[in-house]
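The values are calculated or read from the model by the stated rules, or taken from the named source; none is laboratory data. Bear in mind that the values here come from a model prediction, so they are computed numbers and not experimental data. When we count neighbours, we look across all protein chains shown, and the Cβ atoms used for this are built from the backbone with ideal geometry, even at glycine. In case anyone asks, the SASA skips ligands and DNA or RNA and just uses the protein heavy atoms, side chains included. Shrake-Rupley method; radii C 1.70, N 1.55, O 1.52, S 1.80 Å.
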Amino acid sequence: MVTKVKIDPITRIEGHLAIEAVIDDGVVKEAKSAGTLFRGFEIILQGRDPRDANRLTQRICGVCPTAHATASALCLDDAFGLTDKIPDNAKLIRALILGSNFLQSHVLHFYHLAALDYVDAVSVVGDVAPFVPRYQGDYRVTGQQNAELVNHYLMALDIRRKCQEMLAIFGGKMPHNVGTVPGGVTEKPTEDKITNFLWRLNEIRDFVDNVYIPDVIAVAKAYSDYFEIGKGCQRLLAYGGFDVPTGLLFKAGVVSPDLQLEPFTKENITEDVKHSWYADSSSGKNPAQGQTKPDLKKKEAYSFLKSPRYKGQVCELGPLARMVSNYVQGDAITKQLVDSVLGEFNAGVDALYSVLGRHAARAVEAKLVGDAMVDWLTSLKPDEPAIVESHIPDAGEGTGLTEAPRGAVGHWMTIKDKKIERYQVITPTAWNASPKDDKGQPGAVEQAIIGTKVKDKDNPFELVRIVRAFDPCLACSVHLLDAKANVLGVFRVV
Ligand code: NI
C-alpha cells in the first residue's frame, strides 16, 4: 500500500521545514524536503554600505548568527584587500567567538532538540510542556539512566548560558555579536578577559567530556539499529574553518563515498533552482554570479531553498563531513577521538554515515573545538593589536567561507560605487535540506530518508530522527496523505 507521510512542521529544529515521504510497503520510496519560508536577505542588502552585511546577515538566524558574522567579515576582508593583514590576535578572538557558539549549538542540538526522540522525559517529569505533545512508543532508555538524561537536559541549559556569556566576553553580546568585524575584532585581549573566558571554558569542557559524550554513547547503545539508518549521499564537503595562526582546525575537502579526498575549489559550486521558487533563468550559476529572483508560479517547485551542488553532485555538510574530512587527511587528534568513540561499538569510520554517527561526530567535534580553544586563548598577546584599519573600495569582489555548527557557510559579494551590488549566501542547510536539482537528484536529507523502513506511519520516529540528526536550521510538521494525496492526519512533533 502506498501512503504519504507529511511532517509539517518538523519541530525541535530551527526554522520552517516540511518533510513529505511516499511510503510503499513500509519503505520510503520518495522524499521531499521543503524550506517554506522566504528570507530575501540578498535583496535587502543590495545598494547598502558593504559593512552593513556584517550586521544584517547575522539577523538571518538567532542560533547560528556567529557563523554569518565570521563569513561576512571574511568576505569583507577579501573585498577590502585585508585578508593577509588580519592580526593573529584577531584570528584567535574570531575563532574563540565562533567556538563559543559551536559549543552552545552542539549542546543545544543534542539535549534540547534531538534527545527527546530517545529519552522518555514524560515518565520522569509528567505530561507537561515542552515534553508533550510527542510521538508514542520506542523510548528504550529506562530507569536510573533515563532519569539522569532528563537531569542532564536541565544541566545543559546552564551550560548553554555559560557558552553565551563566554562568547560575549569578546563578542559584546549574543546573539548578533559586535566583536567580529572587517579588519579584525573590536575587543582587545586582556588578562582579565582571558581568565573570565577560561574558567567558563573549562567547566563546559568538563561537561562535554563527562556528560555529553557519555550520554551520546549511552543513547547509541540503546538504539544501535540507528547506525544502519539514514546513510545519506555519502559525499561530504567541508570549506574549512577556524583559521587560526597555526592553520585550519577543520580541513577543507571533498570526500567521495569510497573515502577518497579531493581538494575543495569554490568555483565548483553551483546552485540549481528547477524545484525551487526562483526564476529558471537563475539556475546553474556559481554564487559569485548568483541571483535571487523569486518565482512563485513554478509547477515543479516545492521549496524556497535552492539546490547547491559541487561539480553537479549532492554533498552532505556538517560535523560528519568535517570529522571524516579531518580523519582522511590524517589529523591525529580527530582520528584518536573518532576511533575512541566508535571503539565502544567495534565500528569503523563508515558507521558515522548514519543517524547515530552524525550525533557521535557532533559530540567528538565539541571536544575537538573546546580543547583547541584553550590553546587559542593562551596564544593571545594582550599588548598586540587586534584590528587593522579598513576602507571601502570603489569596486571589488569578496568571498567569505567558513564553517557553522551545522556545516559550511559561504558569503559572496560584489561592490560597485562603494555600495553592495550583489550579495549571495549559501547556508549549510541549503545543501543538506535542498530539493531535487535540475538533473532530478534528491538532496542530502531526501537521500537519507529514501529507503528507510517506517514501522508505524502514525509515529514516524525514523523520519524525524533522521532529519534532526542533520541539525537543520529551518522550522516544521507531519501530514499523512494516501496515494491520492488526501491528508490522513497532521502530527505535532515536539
Ligand atoms: Ni541558523
**Asked** Looking only at region 413-437, which residues are away from the ligand (no atom under 16 Å from the Cβ), open to solvent by less than 10 Å² (accessible area, probe 1.4 Å) and part of a strand (DSSP E or B)?
**Response** Met413, Ile415, Ile420, Tyr423, Gln424
**Request:** Kindly check whether there is at least one residue in region 366-385 that is surrounded by fewer than 24 Cβ atoms within 10 Å (Cβ to Cβ), out of contact with any strand residue (DSSP E or B) (no Cβ under 7 Å at 6 or more places or on another chain) and at pLDDT below 95.
**Result:** yes
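For every residue, the table says whether it meets (1) in contact (Cβ under 8 Å) with a residue 60 or more places away in the chain; (2) loosely packed, with under 15 Cβ neighbours inside 10 Å; (3) over 24 Å from Pro65 (Cα atoms).
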{"residue": "Gly126", "(1), (2), (3)": "no, yes, yes"}
{"residue": "Val132", "(1), (2), (3)": "yes, yes, yes"}
{"residue": "Val141", "(1), (2), (3)": "yes, no, yes"}
{"residue": "Ala147", "(1), (2), (3)": "no, no, yes"}
{"residue": "Ala168", "(1), (2), (3)": "no, no, no"}
{"residue": "Lys173", "(1), (2), (3)": "no, yes, no"}
{"residue": "Asn177", "(1), (2), (3)": "yes, no, no"}
{"residue": "Val181", "(1), (2), (3)": "yes, no, no"}
**Item:** Selection within region 217-251 - open to solvent by less than 10 Å² (accessible area, probe 1.4 Å), of a type outside the set (Gly, Ala, Ser) and assigned to a helix (DSSP H, G or I)
**Value:** Val219, Tyr226
**Prompt:** Given the structure, is Ala351 over 26 Å from Gln424 (Cβ atoms) and of a type outside the set (Val, Ile, Thr)?
**Reply:** yes
**Message:** Cβ-Cβ distance below 6 Å, separation of 6 or more or different chains: which pairs start in region 402-429 with a residue that is free of Cβ contacts under 8 Å to residues at least 60 places away in the same chain and end on one that is of a type in the set (S, T, N, Q) and within 16 Å of the ligand (Cβ to nearest atom)?
**Reply:** none
**Asked** Any residue in region 74-86 that is more than 15 Å from Ile449 (Cβ to Cβ), in contact (Cβ under 8 Å) with a residue 24 or more places away in the chain, of a type in the set (Lys, Arg) and within 16 Å of the ligand (Cβ to nearest atom)?
**Response** no
**Message:** Every residue in region 19-55 that is assigned to a helix (DSSP H, G or I) and open to solvent by less than 50 Å² (accessible area, probe 1.4 Å), please.
**Reply:** Phe41, Glu42, Leu45, Asp52, Ala53, Asn54
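Ala71 - would you say it is open to solvent by less than 10 Å² (accessible area, probe 1.4 Å), within 21 Å of Gly407 (Cβ to Cβ), more than 19 Å from the chain's Cα centre (by Cα) and small (Gly, Ala, Ser)?
No, not satisfied.
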